[in-house]
Amino acid sequence: MNIRQALELACEQESQTKEKYLELARIAEDPETRLMLEQIAREEESHYKRLLERLKAIKLMGK
């Protein structure tokens with residue numbers, strides 16, 4: 001696995017994980033749990049965006 005493949009996999013995983021947390025938030029029974037899960041989903045989105053920027057940089061470098 002090269003760096004580009006690793007970043008692509010990491011982006012995919014972060015996106016899937018964000019969606020899982022959002023789904024859990026939708027079915028959460030109490031507001032506190034819902035808010036916590038939504039916050040975690042936002043953190044996953046932030047991770048995804050940072051990884052995507054790194055992936056774009058790698059692609060620009062031709063790797």
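For the structure I just gave you, tell me whether Leu37 is closer than 23 Å to Asn2 by Cα, surrounded by 12 or more Cβ atoms within 10 Å (Cβ to Cβ) and modelled with pLDDT of 95 or more.
No; evaluated as a whole, the condition is false for this residue.
Test of understanding: among Glu43, Glu14, which residue is assigned to a helix (DSSP H, G or I) and crowded, with 17+ Cβ neighbours inside 10 Å? Steps first, answer last, please.
Details: Glu43 fails: crowded, with 17+ Cβ neighbours inside 10 Å.
The unique qualifying residue is Glu14.
Out of curiosity, is Glu53 exposed (fewer than 12 other Cβ atoms within 10 Å of the Cβ), outside any loop (DSSP other than H, G, I, E, B) and not basic (Lys, Arg)? Spell out the reasoning first.
Values: exposed (fewer than 12 other Cβ atoms within 10 Å of the Cβ): yes; outside any loop (DSSP other than H, G, I, E, B): yes; not basic (Lys, Arg): yes.
For Glu53, the condition - exposed (fewer than 12 other Cβ atoms within 10 Å of the Cβ), outside any loop (DSSP other than H, G, I, E, B) and not basic (Lys, Arg) - is met.
Between a first residue in region 27-54 that is free of Cβ contacts under 8 Å to residues at least 24 places away in the same chain and of a type in the set (D, E, K, R) and a second residue that is assigned to a helix (DSSP H, G or I) and surrounded by 16 or more Cβ atoms within 10 Å (Cβ to Cβ), which pairs have beta carbons less than 7 Å apart while being 6 or more apart in sequence or on different chains?
Every condition considered, the pairs that remain are Arg34/Ala25; Glu38/Ala25.
The values are calculated or read from the model by the stated rules, or taken from the named source; none is laboratory data. This is a predicted model, so every value here is computed, not measured. Ideal geometry is used to build each Cβ from the backbone, glycine not excepted, and the neighbour counts take in all protein chains shown.
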